[in-house]
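Asker: Submitted below is the structure of interest, expressed as structure tokens.
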Amino acid sequence: MKEKLASFVASFGLPRLIITGFLLALFILAPIVGVDLPMQITNVINRFSWNAILVLAMVPMVHSGCGLNFGLPLGIISGLLGATLSLELGFTGPLSFVMAVVISTPFALMLGMGYGVLLNRIKGGEMMIATYVGFSSVSFMCMMWLLLPYHKPDMVWGMAGKGLRTTISLEGYYDKVLSNFLQINIGKVSIPTGALLLFALLAFAMWAFLHTKTGTAMTAVGSNPTFAKAAGIKVDKIRMLSVVMSTWLAAIGILVYEQGFGFIQLYMAPFYMALPAVSAILIGGASVNKATIVHVILGTFLFQGIVTMTPTVMNSVIHTDMSEVIRVIASNGMILYALTRRSEVSR
Amino acid sequence: MSGKQNSAGKTVFSFLRNNTVPLMFILICAVCIPISGFSPSYLLNEIITRLGRNAFLILSLLIPIMAGMGLNFGMTLGAMAGEIALIFVSDWQIWGIPGVVLAMIVSIPFSVLLGWVCGKILNMAKGREMITSYIISFFINGIYQLIVLYLMGSVIPIAHGSIKLPRGYGIRNTVSLLNMRQCIDNLLAIRIEGVKIPVLTLLIIALMCILIVWFRRTKLGQDMRAVGQDIHVARDAGINVERTRIISIIISTVLAGFGMILYLQNIGNLSTYSAHSQVGMFCIAALLVGGASVDRASIGNVFLGAILFHTMFIVAPKAGAVITGDPMIGEYFRVFVSYGVITLALIMYEMKKRRQKASIGAQLALAQKDDDRHEPGIGAQPSPARKEVERHE
Amino acid sequence: MNNKRKWIFRGCTLLFVLLLAGLMFLVGRGHTVYIDNKTLEYNGESYSALERSEVWINGERLSKLSKRDRTMTTTIGNSFEMKLINTEKKGDDPTEVVVKLSLPYSWDGILVNIPGYLAGLPQEAWLSEFIIEPTPMEEDAEEPAGEDDIPTAEF
């Protein structure tokens, strides 16, 4: 019995256990300290729906051995380009969301391919370089957002008429377009069915892909590249495919996030966006070379749960908002835990 | 290494390739300086001030590179230790140079503790040191905030309400260091034609350089270099690899603490929650601009990098404003260039590593072929020690 | 033998550093000294303010004090020295007095009353702690942002 417990703890991971326990404690504590539990549950589910696809974007690259995609901002930028262009071209309402997806796709493909070429030339140093590629591109785009000829009055600074604003409201465009679609209300808990359906669709597509011939090739490339090469799999091409998939998913992910959040955030906002997604998937049980859909779902739920519940519960208990600090410690601690585990495979 | 054939073109090419980043920077500066319209004496004054302010911090990065730990993004930890020390010294009302000295002394136990923790974690992530130290700096930043924003003033006694937040505990966003502002800079300053030279600060930096050169020759320094070259060979030679690596991080953290105190005494004001995060990134960028790489850095790189990087830092916003009419462009440009240069340096390092591995592989293949032909020694050069621990970053 | 030498060396360095720190504590203690030219009431006696008192510190004139004036300066360390050029009543010849004080360690702000000092009263009469009433401060941003720092500004 003890052995079973010990082996369960070892496989589940002690930090993960701590985080799950902490979240459970928060949920139990919430009604006791007078926090509006149904509203909080709604918040958690909402935030889950916004972030899940960004976390899903981690999966392809982990499978193909490129490590955790710290370069998520590249995909996010494609999404931002799609969103801003869709608005600039005059689309409104749900159509603007569809067009945003359509327009970001070629950007995601292009940027993803360039990123993939780069990663293929630097096998072994992906994560560090990805981080800085992400940073450089965000700061480059900061300059571009100021210079590119956008004209829509909703989006540009009022006075000069030149240069995009830092945050652009999506009211009248695609604010909550997915969340409100087929929204189900159970008592006081409201579920953003549309967004969850999109995530479910993409997650299922990913799962199915990973069981196709190309998908299994991808997993092989990640777990044993020498074997994969010997089996005739084109390692570089598969890695490139995984990078493009990840970038495209990130683009969709940020669009879904925006529709939930209600704003397009430009300039420095995407700067650190990779870290929450990375730490979410790690909290869910993934490692640097292994990630499944279950990890995505579990991890996003735990991460967003902590982010949502901690401030409200803590505030009611000790009347201080320590949530920011706790979030930083928990999420980065999780990433550290993953980085310090001896990886099962070596290259 | 590769490329050393007799044609001058090859030498030029390899010189260009090895020094891409500094050359690029010289180009950028050469273009932006005249556009910005700053006077030479203003530029000179600014550069000397910034050199005095930052050189010590950049010097702290040299030791981990020597020990094979890559770019120490964990220098932020030393910066935080220095800041905590300064908060205490400020609260105890110790001013001037004694205040600076006291802060340095007080920062040592914090730096040692943080450096030890950092080193231990890095030892558990061999091959991924850089990304790990990068995340460690965020993680410890959270702990720093926990201490400074919540524990100070409540659990940790802080006497003066003037540095606490209105709610009674936690330190304010900015802590004034007016009473020790530029005390070291001013002590032996020489002013020539509008340019202020902080002689004492520069002397301290020179002393540090001499110490580093001396350190390389000590047994500990030699051990570190051995560990940096090849972990397995060093281990076989009897060196305690883990301990040496941790010591290198501890030394770097302590130096970063001192450097941060020097930096802050120049500025005269402590941005409690944001000062250290910028420092790490910009110092690493400056070192790389000076021509250093992930596995090799010299004192020359430090100074060249400091001068080039800060020149760019000063002229870019103004140049950007002149070219495009928007001052923000220049600001974003210098951020972009800072990150871009780190990206470029990291990419070039990785590609060089792969080229080395490929050339070693080719040499081995050549050696095998010659062996097959039973010709002794021709072309069969012994392969240089291979880094068996590959970097997975 | 070698081991013992190593520990002795380390112990001595530690001791040296601790002593240095202690020294810095003493030498570096900063105080703000406030100097008053006000009429002082003590034990029923009244010691009147001077017509004019000039305060000189380190060879430079800090301030000219008329009746009821106050000036301030900062100083580091335990001892404080100033020169006063006093004119007791209108029309008098100015007299120079060199004032050497040793400042109590735990006081941040120290108030010196010139008439009381010149009258030779016990120290408690003319040397007191000066406490500034804490004004409610405006704090613009309470919660500092965590990772969302935008890397710009001064470096």
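Read-outs throughout are calculated quantities, based only on the coordinates presented, and are distinct from any laboratory measurement. Keep in mind that what you see is a predicted model, and the values were worked out from it rather than measured. Note that we place each Cβ from the backbone using ideal geometry, even for glycine, and neighbour counts take in every protein chain shown.
Asker: Determine the relative contact order of chain A: mean sequence separation of Cα pairs under 8 Å and six or more apart, normalised by residue count, in whole percent.
Answerer: Relative contact order here is 31 percent.
Asker: Another one. Quantify how strongly other chains surround peptide C:91-102 by giving the mean number of their Cβ atoms within 10 Å of each of its Cβ atoms.
Answerer: 0
Asker: Projected area of the stretch A:134-217, taken from the Cα convex hull and averaged over every viewing direction, in nm²?
Answerer: 9.9
Asker: For chain B, what is the relative contact order in percent, using Cα pairs closer than 8 Å and at least 6 residues apart in sequence?
Answerer: Relative contact order, chain B: 28 percent.
Asker: Short version: ³J(HN,Hα) in whole Hz for each residue of the stretch A:281-288, in order, from phi by Karplus 6.51 cos²θ - 1.76 cosθ + 1.60 (θ = phi - 60°), x for Gly and Pro, what are they?
Answerer: Per residue, the Karplus-derived 3J(HN,Hα) values read 5, 5, 4, x, x, 6, 10, 5 Hz.
Asker: I'd like the mean, over residues of A:335-341, of how many other protein chain beta carbons sit within 10 Å of each residue's own Cβ.
Answerer: Taking all residues of A:335-341 together, the mean is 6.
Asker: Let me ask something else. Give me the log10 of I(q) over I(0) for the protein assembly as shown at q = 0.09 Å⁻¹, as the Debye formula computes it from C-alpha points; what are the numbers?
Answerer: Per q value, in the given order, log10 I(q)/I(0) is -1.04.
Asker: So, one more: What is the magnitude of the charge dipole of chain C about its Cα centre, with +1 placed on the Cβ of each Lys and Arg, -1 on the Cβ of each Asp and Glu, and no other charges, expressed in debye to the nearest 20?
Answerer: So the magnitude is around 1360 debye.
Asker: When the dipole is taken about the Cα centre of the protein assembly as shown, and only Lys, Arg (+1) and Asp, Glu (-1) are charged at their Cβ, what size is it in debye, to the nearest 20?
Answerer: 3500
Asker: Can I ask one more? Going Cα to Cα from C:K90, which lysines come in below 22 Å? Please leave out same-chain ones fewer than 8 positions away.
Answerer: C:K38, C:K64, C:K67
Asker: Using only the alpha carbons of chain C, determine the length spanned along each of the three principal axes and report them from longest to shortest in whole angstroms.
Answerer: That works out to 75, 53, 33 Å along the principal axes.
Asker: Looking at the stretch B:265-340, which trypsin sites (Lys or Arg not before Pro) are DSSP coil and have at most 14 other C-beta atoms within 10 Å of their C-beta?
Answerer: In loop regions of the stretch B:265-340 (DSSP not H, G, I, E or B), the sparsely surrounded trypsin sites (Lys or Arg not before Pro) are B:R296.
Asker: Along the charge dipole of the protein assembly as shown, which of A:S96, B:A206, A:L339 sits closest to the positive end, that is, farthest toward it, with unit charges on the beta carbon of Lys, Arg, Asp and Glu (+1, +1, -1, -1)?
Answerer: Farthest towards the positive end: A:L339.
Asker: Among C:W107, A:T247, B:G9, pick out the residue whose Cα is farthest towards the positive end of the charge dipole of the protein assembly as shown, where Lys and Arg carry +1 and Asp and Glu carry -1 on C-beta, about the Cα centre.
Answerer: Of C:W107, A:T247, B:G9, it is B:G9.
Asker: Among A:L198, A:L164, A:M128, whose Cα sits farthest toward the positive end of the charge dipole of the protein assembly as shown (+1 at Cβ of Lys/Arg, -1 at Cβ of Asp/Glu, about the Cα centre)?
Answerer: Towards the positive end, the residue furthest out is A:M128.
Asker: Further, regarding this structure: Above 14 angstrom, tally the Cα pairs of the stretch B:187-259 and express them as a % of all pairs, no decimals.
Answerer: For the stretch B:187-259, the share of Cα pairs beyond 14 Å comes to 70 percent.
Asker: Let me ask something else. Taking the Cα atoms of the stretch B:132-214, report the difference between the largest and smallest coordinate on each principal axis, in whole Å and largest first.
Answerer: Between the extreme Cα coordinates on each principal axis of the stretch B:132-214 lie 47, 36, 21 Å.
Asker: To continue, here is another question. Suppose only helical runs count, i.e. DSSP H with n ≥ 4. What mean residue ellipticity at 222 nm does that imply for chain A under -39500 (n - 2.57) per run, divided by all residues and rounded to the nearest 500 deg cm²/dmol?
Answerer: Computed ellipticity for chain A at 222 nm equals -23000 deg cm²/dmol.
Asker: Output the peptides C:55-68, A:123-136 sorted from most to least packed, where packing is the average of other Cβ atoms within 10 Å over each peptide's residues.
Answerer: By packing density, highest mean first, the sequence is A:123-136, C:55-68.
Asker: Using only the Cα atoms of the stretch A:211-347, construct the convex hull and provide its projected area averaged over every direction, in square nanometres to one decimal.
Answerer: Mean projected area for the stretch A:211-347: 10.5 nm², to one decimal.
Asker: With just the Cα atoms of the stretch B:8-372, tell me how far they stretch along each of the three principal axes, in Å, largest first.
Answerer: Answer, in whole Å and largest first: 81, 52, 36 Å.
Asker: With a 10 Å Cβ neighbour count serving as the proxy for reagent exposure, in which order, fewest first, do B:C283, B:C32, B:C209 appear?
Answerer: Starting with the residue having the fewest Cβ neighbours, the order is B:C209, B:C32, B:C283.
Asker: Just tell me how shielded B:174-184 is by partners: mean number of partner chain Cβ atoms within 10 Å of each residue's Cβ, no decimals.
Answerer: 1
Asker: Residues with amide H under 5 Å of A:Y173's amide H, sequence separation 5 or more or different chain, H placed in the peptide plane at 1.01 Å from N; which?
Answerer: Those qualifying (amide H under 5 Å, at least 5 residues apart or on another chain) are A:G93.
Asker: Treat every Asp and Glu Cβ in the stretch B:171-269 as -1 and every Lys and Arg Cβ as +1, leave all other atoms uncharged, and give the resulting dipole magnitude about the Cα centre to the nearest 20 debye.
Answerer: So the dipole magnitude of the stretch B:171-269 works out to roughly 120 debye.
Asker: So if I take the centroid of the Cα atoms in the stretch A:289-330 and the same for the stretch B:292-354, what is the distance between those two points in Å?
Answerer: Each part's Cα centre sits 36 Å from the other's.
Asker: Another one. Take A:E3, B:E83, C:E54 and order them by how many other Cβ atoms sit within 10 Å, fewest up front.
Answerer: A:E3, C:E54, B:E83
Asker: Using the 10 angstrom Cβ neighbour count as an exposure proxy, how do A:F181, B:F333, C:F16 rank, fewest first?
Answerer: Listing A:F181, B:F333, C:F16 from fewest to most nearby Cβ atoms yields C:F16, A:F181, B:F333.
Asker: Using every alpha carbon pair in the stretch A:1-141, what percent of pairs falls into each 10 Å bin from 0 up to the bin containing the largest distance?
Answerer: Going out from 0 Å in 10 Å bins, the stretch A:1-141 shows 10, 24, 26, 24, 13, 2, 0 percent.
Asker: Would you mind estimating how fast chain A diffuses translationally, via Stokes-Einstein at 37 °C and 0.692 mPa s with the Kirkwood radius over Cα pairs, in µm²/s?
Answerer: Using the Kirkwood radius from Cα pairs, D works out to 156 µm²/s.
Asker: Suppose only helical runs count, i.e. DSSP H with n ≥ 4. What mean residue ellipticity at 222 nm does that imply for chain B under -39500 (n - 2.57) per run, divided by all residues and rounded to the nearest 500 deg cm²/dmol?
Answerer: Result for chain B, helices only: -23500 deg cm²/dmol.
Asker: When N counts the residues of the stretch B:79-175, how does its alpha-carbon radius of gyration compare numerically with 2.2 N^0.38 Å, as a ratio?
Answerer: For the stretch B:79-175, the normalised Cα radius of gyration is 1.22.
Asker: If you restrict to DSSP beta bridges whose two residues both lie in chain B, what percentage is antiparallel, to the nearest 5?
Answerer: 90
Asker: Hey, another quick one. Apply the Karplus curve 6.51 cos²θ - 1.76 cosθ + 1.60, θ = phi - 60°, to the phi angles in the stretch B:115-130 and return the couplings in whole Hz, x for Gly and Pro.
Answerer: For the stretch B:115-130, the Karplus curve yields x, 5, 4, 4, x, 4, 5, 5, 5, 7, 10, 4, x, 10, 4, 5 Hz.
Asker: Cross-chain or 8 or more residues apart, Cα under 27 Å: how many lysine pairs in chain A fit that? Count them up, please.
Answerer: Total qualifying Lys-Lys pairs in chain A comes to 17.
Asker: Determine the distance separating the Cα centre of the stretch C:1-57 from the Cα centre of the stretch B:202-281; give it in Å without decimals.
Answerer: Using only Cα atoms to place each centre, the spacing works out to 34 Å.
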